[in-house]
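Enquirer: The structure that follows is given in the form of structure tokens.
The values are calculated or read from the model by the stated rules, or taken from the named source; none is laboratory data. All figures in this text were calculated on a predicted structure; none of them were measured in a lab. In this analysis, Cβ positions are derived from the backbone assuming ideal geometry, glycine residues included, and neighbour counts consider all displayed protein chains.
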Amino acid sequence: MTTKATGRSTGRAAPKATARQACSHWANRHRKWLFAAPAMIFVALLIAIPLAWTVYLSLTDTQGSVRAESEFVGFANYLQVFRDTDRFWPAMLRTFTFTSGALAAEMVLGMGIALLLWRPFKGEKWVRVAILLPLVATPVAVGMMWRLIFDPNIGFANQLLSWVGLPAQPWLSGRESALPTLMFVDVWQWTPMIVLILLAGLTSLSDEPDEAARIDGANAWQRFRFVTLPLLRSTVVVALVLRGIDALKTFDILYATKGKGGGSFNEAETLNVYAYGLSFDYNDYGIASTVLVLFFLIIIALMWMVTYRRKEKQS
Amino acid sequence: MTDTVTSKARPESPLLESTVPNSPSPRRPRKPRAYPIFRVVCLTLTVLLFIAPLVWMLVASFKTNVDINDSGKTFIFTPTLDNYANVLSRNNYFGFIFNSFWVALWSTVLSLLLGVPAAYAMSRFTMRRSAMVVLMARIIPGVSLLVPWYFIFANLRLVGGFGVLVLSHMFVALPLIVYIMMSFFDSLPTELEDAAQVDGLTPIGAFRRITLPLSVPGIATASILSFIFSWNNFMFALVLSGANTKTLPVAIFNFVSYASIDWGSLMAAAIIVTLPIMVIALFTQKYVVSGLTAGATKG
């Protein structure tokens with residue numbers, strides 16, 4: 001509306017100016033899509049074509065090169081992947097163990113630390129700096145750092161154990177202990193993220209409900225459980241979703257510490273690492289694409305479940 | 001070990017605090033001694049747990065490999081700069097630093113150009129569905145795009161150049177910027193824009209002259225985070241970078257493919273990649289935190 005008014009009031013100049021004016025008029029009228037479209041087209045092009053191609057590849061037996069002679073095999077790859085109890089299902093299990101374990105630890109610890117930091121205190125600044133550092137550290141460098149600390153022979157972790165009198169552990173190089181150790185590394189790096197998000201939520205809460213409950217005689221646990229936590233619900237969900245997506249897709253620290261295939265026994269191979277290995281270490285594009293399509297569907301399904309259940313509860 | 005300590009923190013602190021539920025001034029319980037001490041202990045442990053590994057990495061980067069292998073020299077040793085000299089001079093790390101910086105810079109600048117107007121439109125016209133299109137980039141696993149990207153870009157003879165790296169890192173930066181800027185614009189009142197339009201500016205003019213200058217804090221937040229995430233990105237560069245465009249994380253990863261690991265130099269390299277980003281984060285702490293927590297409180 002305002003656009004029209006300005007267009008008319010100054011639009012009586014030479015024809016050149018009118019052309020410019022018309023142009024600006026048009027731009028202002030369509031600014032919604034003029035602004036939004038470039039970013040959307042950029043993302044859509046980078047996603048849509050590759051995704052369609054990945055879906056197509058998953059229906060073929062392409063190997064070696066994407067443009068090699070290949071046959072359309074329908075859902076044979078999917079059948080093969082579903083029957084693959086050697087690599088696919090263990091990788092799936094590891095993905096969920098890793099994600100749920102790390103996520104649970106991060107939420108509990110993150111909530112604990114956020115509550116400790118909630119009320120202002122002296123030296124708060126330093127604690128905040130300390131929790132910010134792991135968060136911004138480059139994951140590959142973090143992986144290398146923990147590789148040295150957890151080295152069975154020269155690492156500090158085993159040295160620490162020997163001081164306390166405990167036996168040395170294989171940590172990252174153990175077949176059973178690799179995944180829990182990597183979960184620990186993930187918790188170390190990403191708990192601060194949860195702390196920051198929850199802390200932002202906590203500081204945005206008003207004091208009144210808490211005070212009211214206190215006056216009514218609720219103890220601190222009750223106040224946390226029945227007052228603070230329900231008020232914080234949406235923040236907790238945001239933290240869970242943001243962190244959950246990234247945890248499912250964890251690649252950097254796994255690949256940096258365990259290398260191809262998640263170690264010699266595939267002990268740290270998640271779906272993402274498996275798909276990467278199939279694509280770029282073995283060039284088995286058909287199967288790789290199948291795994292990726294399934295992986296993507298799982299992420300979408302989880303996302304949908306979380307947001308859908310949230311909407312149900314709200315309405 | 002420390003995990004259990006901190007997780008116990010919650011159930012215990014309440015009991016201590018709740019000894020005086022009916023106290024007239026609830027902020028000052030009569031027996032306040034135990035909780036503050038408990039809190040200090042827990043926070044100290046937390047800080048130690050988060051900082052100690054980083055300190056360890058820093059310390060190891062000043063040790064010779066002989067000292068790293070010697071458990072008697074855990075804390076007492078003669079510091080050396082050899083590792084840094086080795087990494088910087090013999091392994092061409094200055095080149096990798098430049099590559100990382102260049103890619104992070106351009107992907108951030110270009111993503112801002114695309115992302116800020118998009119976030120503005122999506123916020124002002126509540127285009128949630130369109131926003132989802134952009135945010136899809138954050139959800140989708142990067143590997144599923146890499147195979148097609150690699151072959152499309154290889155056919156265009158782009159693999160190994162800066163362009164394709166910038167493009168792939170924009171894919172990380174753009175959703176981040178849109179997400180942060182959307183929540184920034186959501187919280188920015190529209191009154192000033194409206195007033196500017198009443199005074200004769202076009203909507204785009206109002207955006208350019210009023211909203212953009214007001215958005216400097218939001219744009220700073222978005223750029224810093226986008227720079228950090230691009231700097232830290234590993235997977236895209238691992239596949240798409242060439243010998244001349246290798247970024248720091250890839251360079252560090254290649255360090256360990258040799259038979260025996262040169263731990264001292266590896267730690268020096270790890271410090272070289274993390275230190276700049278940590279310094280940036282420390283000086284811009286406020287922005288980093290507000291970016292990481294963007295959109296978290298409005299539900």
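Enquirer: For segment B:172-187, what are the residues that are facing chain A (nearest Cβ under 10 Å), more than 13 Å from B:Phe229 (Cα to Cα) and of a type outside the set (A, V, I, L, M)?
Expert: Scanning segment B:172-187 gives a single hit, B:Tyr179.
Enquirer: Regarding segment B:187-203, can at least one residue be identified that is among the hydrophobic types (A, V, I, L, M, F, W, C), in a helix (DSSP H, G or I) and touching a residue at least 40 places away in the same chain (Cβ under 8 Å)?
Expert: no
Enquirer: From A:Ala275, A:Ala301, A:Ala288, grab the single residue that is modelled with pLDDT of 85 or more, surrounded by fewer than 18 Cβ atoms within 10 Å (Cβ to Cβ) and assigned to a helix (DSSP H, G or I).
Expert: A:Ala301
Enquirer: Restricting the search to segment A:274-293, which residues are more than 7 Å from chain B (Cβ to nearest Cβ) and among the aromatic types (Phe, Trp, Tyr)?
Expert: A:Tyr274, A:Tyr282, listed by residue number.
Enquirer: Within segment A:235-272, can you find the residues that are assigned to a helix (DSSP H, G or I), farther than 30 Å from A:Ile197 by Cβ and touching a residue at least 40 places away in the same chain (Cβ under 8 Å)?
Expert: Matches in segment A:235-272: none.
Enquirer: OK, next. Would a scan of segment A:302-310 turn up a residue that is of a type in the set (S, T, N, Q) and within 23 Å of A:Gly174 (Cα to Cα)?
Expert: We begin by selecting, within segment A:302-310, every residue of a type in the set (S, T, N, Q); these are A:307.
Okay, now just the ones that are also within 23 Å of A:Gly174 (Cα to Cα), so none.
No.
Enquirer: Could you grab me the full set of residues in segment A:133-173 that are among the aromatic types (Phe, Trp, Tyr), surrounded by 18 or more Cβ atoms within 10 Å (Cβ to Cβ) and assigned to a helix (DSSP H, G or I)?
Expert: Result: A:Trp146, A:Phe156, A:Trp171.
Enquirer: Let me ask you something else. Among the candidates B:Thr221, B:Thr202, single out the residue that is over 28 Å from B:Met57 (Cα atoms), touching a helix residue (DSSP H, G or I) at 6+ places or on another chain (Cβ under 8 Å), of a type in the set (Ser, Thr, Tyr) and within 8 Å of chain A (Cβ to nearest Cβ).
Expert: Result: B:Thr202 is the single residue among B:Thr221, B:Thr202 that is over 28 Å from B:Met57 (Cα atoms), touching a helix residue (DSSP H, G or I) at 6+ places or on another chain (Cβ under 8 Å), of a type in the set (Ser, Thr, Tyr) and within 8 Å of chain A (Cβ to nearest Cβ).
Enquirer: Let me confirm something: among B:Ser260, B:Ser223, B:Ser265, B:Ser230, which residue is in the same structural domain as B:Ala104 (by TED's automatic domain parsing), among the hydroxyl-bearing types (Ser, Thr, Tyr) and in a loop (DSSP other than H, G, I, E, B)?
Expert: Result: B:Ser260 is the single residue among B:Ser260, B:Ser223, B:Ser265, B:Ser230 that is in the same structural domain as B:Ala104 (by TED's automatic domain parsing), among the hydroxyl-bearing types (Ser, Thr, Tyr) and in a loop (DSSP other than H, G, I, E, B).
Enquirer: In this structure, is B:Phe185 touching a helix residue (DSSP H, G or I) at 6+ places or on another chain (Cβ under 6 Å), under 30 Å from A:Val140 (Cβ atoms) and of a type in the set (A, V, I, L, M, F, W, C)?
Expert: In short, no.
Enquirer: Moving to a separate point now. Please work out which one of (1) at pLDDT below 95; (2) surrounded by fewer than 19 Cβ atoms within 10 Å (Cβ to Cβ) is the condition A:Gly101 fails and give its number.
Expert: So A:Gly101 meets the others, but not (1).
Enquirer: Right, another one. Can you confirm whether segment B:233-245 contains a residue that is in contact with an Asp or Glu (Cβ under 8 Å, 6 or more places away or on another chain), facing chain A (nearest Cβ under 9 Å) and either surrounded by fewer than 20 Cβ atoms within 10 Å (Cβ to Cβ) or closer than 17 Å to A:Arg147 by Cβ (or both)? Steps first, please.
Expert: Of the residues in segment B:233-245, the ones in contact with an Asp or Glu (Cβ under 8 Å, 6 or more places away or on another chain) are B:234-235.
Retained after the next criterion (residues that are facing chain A (nearest Cβ under 9 Å)): B:234-235.
Pick out the ones that are also either surrounded by fewer than 20 Cβ atoms within 10 Å (Cβ to Cβ) or closer than 17 Å to A:Arg147 by Cβ (or both) and you get B:234.
Yes, segment B:233-245 has at least one match.
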